[in-house]
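The structure appears below as structure tokens.
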Amino acid sequence: MTTRRPAPSSLRSLGDGLTGSPALVAEGVGLTYAGGIEALRNVDLTVADGQFVSIVGPSGCGKSTFLKAVAGLIPITHGTLTLRGDSDRRADVAFVFQSPTLLTWRTVLGNVELPNELRGGGRSTARSHARELLALVGLADFADRFPSELSGGMQMRVSLARALMTDPRIMLLDEPFGALDDLTRQRLNEDLHRIWLRDRWTGLFVTHNVSEAVYLSDRVVVMSSRPGQIVADVPIELSIPRTPDHRSDPGFAAYVREIGARLREEV
Amino acid sequence: MAARASALVRSALPPLTLFLTVAALWHGATAILNIPAFVLPGPADVAREAFANGARLVSATGLTAVAALSGFCASLVIGCLIGFAFSQWPLVRSSCYPYAIFLQTVPIVAIAPLIIIWFGTGLQSVILVAFIVSLFPMITNATAGLTTLDRDLLALFRLYHASRWQTLTKLRLPAAVPFVIAGAKTSSGLSVIGAIVGEFFAGYGAERYGLGYLITLTSGQLKTAYLFSAVLCSTALGLVMFGAISAIGNAVLNRWFRHQTHG
């Protein structure tokens, strides 16, 4: 369950992910709630294996709903969703919520181990894996603390480590840094990017912060206001790995302007 | 340490001042207006009686405390079990809930005679009254705790295909603890009231008795100062029960359930 995969960085050099079987294919996805509210309409999105795609859109446009549908948490009413060639492949998926959603009565380490426990994985390997992941997110010294003793940014790091616990191939991140201040958010962006470079899972990242989306992504898609539809798909052709210097790059600013302008048309 | 002590003094000072002021006014009023002691004894009379009957007051308070604590513990355990049944089986909840409300609305005075007919006078009946009076808040709080859950946390458990048992033991039960603590605080005070009311009706007799019996006894004999001291003991017992349960509850909350900051 927790054995390490061979280093996946060799699987994909920049851009060639499109040749393998895609991690996510959404075809004509629609979602209408029982009450008649149409949250999503005819969403088509293909994400190559190992790609990092951000979804931006006005609040309430259904981008979070789309993410939860991909995770299988909300059933879709139209179209098909295929993950890694399988319509019901949740085993490879991890989800990071808007709030840290930690169990307050468990230590940081206990929270990170939770997914493994729920899946009935072995205990001893899980513990060392959880410690590794805490080190990866910079919380090696906080394993035995309780979540309430941590700042919001640190709690989010725990949430990230927990999501990584099952070695997911697809990470769904639902505005995970929305509640954090700018500096903390940038730090977490840099760490998330570093982790993605290490593992090369497929990332689907919902945010309303355009600069964050550009910094992290291979592609940024813009969703319209409700019912959500994809109205723009912008490849971000900045060099990888991204560094904090990219934020002052004119190319970076041009992307932020372009996507920001596209987004404003939708609000 | 000094800061803590001074904080304690600061928080204790206003109520203490009020207490002394009221006692002084009370003493003045009884002395000046020449009120007979059997109608309104002065604070000095009450203190004198309390000291004179110290041993009896202590044993009565002890007996009432045993009854209240037993009733409270029973309502804690049974209330949690009922709350658990309500949360797990909606049919049980919808069929039994109206009768649970009955516990809250029935005047205990009305069913006390029945309790005596069925269980006789004595400790068991007093405990039963304390239990009945303190049960309802435990049921509602335990039920609420087991059914109110963070939606994202539930989604997380679903995402990892947690079994019903895992969701119960790793999420629902621990998440219900703060609710149970809130219920226990309410119930702890109610259990003391229940024990005293129970003793009004089902007290033990002349040899061993609790505060409720002592109150009826002294009021019948117009030993008003003694009655006052028994009332004060009842109040103190209620405060101690509530304080102890709150302290335990707050310690648990502080350790495991402090709210996460989202900022």
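Derivation of every value follows stated rules applied to the coordinates shown; laboratory data play no part. Model, not experiment: these values are computed from the prediction. Using ideal geometry, Cβ is built from the backbone for each residue, glycine included, and neighbour counts are taken over all protein chains shown.
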Could you check the spin-label model distance between residue B:151 and residue A:233? Points 7 Å from the Cα along Cα→Cβ, value in nm. 3.0
Across A:111-120, the residue-averaged tally of Cβ atoms belonging to other chains within 10 Å stands at 4
Using a Cα-Cα cut-off of under 26 Å, which lysines could be cross-linked to residue B:170, ignoring same-chain neighbours fewer than 8 residues away? A:68, B:185
Using just the helices of chain B, give the 222 nm mean residue ellipticity in deg cm²/dmol: DSSP H runs with n ≥ 4 each add -39,500 (n - 2.57), and the total is spread over all residues, rounded to 500. -28000 deg cm²/dmol
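Counting other beta carbons within 10 Å of each residue's own, what order do A:158, B:240 fall into, fewest first?
On the way: A:158 26, B:240 14.
Sorted ascending by nearby Cβ count, the order is B:240, A:158.
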Enumerate the amide H contacts of residue A:234 below 5 Å, restricted to partners 5 or more residues apart or on another chain; note that Pro and chain-start residues carry no placed amide H. A:220, A:221, A:222
Find which of B:225, B:175, B:242 sits farthest along the positive direction of the dipole of region B:66-254, computed with +1 on the beta-carbon of Lys and Arg, -1 on that of Asp and Glu, about the Cα centre. B:175
Pop out the ³J(HN,Hα) list for region A:45-53 in order, Karplus 6.51 cos²θ - 1.76 cosθ + 1.60 with θ = phi - 60°, rounded to Hz; leave Gly and Pro as x. 8, 10, 10, 6, 4, x, 7, 10, 10
For chain B, built as a Gaussian network whose Cα springs stay under 10 Å, the top-fluctuating residue of B:35, B:193, B:115: B:35
Once the dipole of chain A is set up from charges on Cβ (+1 Lys and Arg, -1 Asp and Glu), the residue from the list A:48, A:240, A:135 lying farthest towards its positive end is A:135
Please identify, among B:52, B:182, B:85, the residue showing maximal mean-square fluctuation in a Gaussian network model of chain B using a 10 angstrom Cα cutoff. B:52
Can you classify region B:209-263 as rounded, prolate or oblate using the Cα gyration tensor, where a ≥ b ≥ c are the square roots of its eigenvalues, rounded means a/c under 1.5, and otherwise it's prolate if a/b beats b/c and oblate if not? prolate
Using a 10 Å Cβ count of at most 14 others and DSSP loop calls, identify the longest part of chain B lacking such trypsin sites (Lys or Arg not before Pro). B:1-207
Would you please give the residues with an amide H less than 5 Å from that of residue A:205, counting only those at least 5 places away or on a separate chain, with H modeled from the backbone geometry? A:53, A:54, A:55, A:173
Taking the alpha-carbon set of chain A, what are its Rg and Dmax in Å? 18.0, 53
Amide H of residue A:43: which non-local residues (sequence gap of 5 or more, or other chain) have their own amide H closer than 5 Å, using H built in the peptide plane? A:28, A:29, A:30
At 0.36 nm per residue, minus the direct Cα-Cα distance, what do residue A:127 and residue A:38 gain on full extension? Give it in nm, one decimal, please. 27.7 nm
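By counting other Cβ atoms within 10 Å of each Cβ, how are A:141, A:92, B:150 ranked from fewest to most? Don't jump to the answer; show the numbers that get you there.
Working: A:141 10, A:92 17, B:150 14.
Lowest to highest Cβ neighbour count: A:141, B:150, A:92.
Ignore the peptide's own chain and count Cβ atoms of other chains within 10 Å of each Cβ in A:170-181; give me the average, rounded.
1
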Estimated vicinal HN-Hα couplings, Hz - region A:96-112 in sequence order (Karplus 6.51, -1.76, 1.60; Gly, Pro = x): 10, 8, 4, 9, x, 6, 8, 7, 5, 8, 10, 5, 4, 4, x, 5, 5
Hey, if you drop one equal point scatterer on each alpha-carbon of region B:66-254 and run the Debye formula without solvent, what base-10 log of I(q)/I(0) do you get at q = 0.16, 0.17, 0.18 Å⁻¹? -0.98, -1.06, -1.14
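Full-extension gain between residue B:51 and residue B:119, please, as 0.36 nm times their residue separation minus the C-alpha to C-alpha distance. Working shown, then result.
On the way: separation 68, 0.36 × 68 = 24.48 nm, distance 3.50 nm.
So the chain would gain 21.0 nm between residue B:51 and residue B:119.
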What does the helix-only formula give at 222 nm for chain A: each DSSP H stretch with n ≥ 4 adding -39500 (n - 2.57), the total divided by the residues, and the result rounded to the nearest 500 deg cm²/dmol? -10500 deg cm²/dmol
Under the Karplus relation 6.51 cos²θ - 1.76 cosθ + 1.60, θ = phi - 60°, what is the ordered set of whole-Hz ³J(HN,Hα) values for region A:148-153, x standing for Gly and Pro? 5, 8, 10, 6, x, x
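Please pull out the direction-averaged projected area of the protein assembly as shown, using the convex hull of its alpha-carbon atoms, in nm² to one decimal place. Don't jump to the answer; show the numbers that get you there.
Working: hull surface 135.6 nm².
Taking a quarter of the hull surface, the average projection is 33.9 nm².
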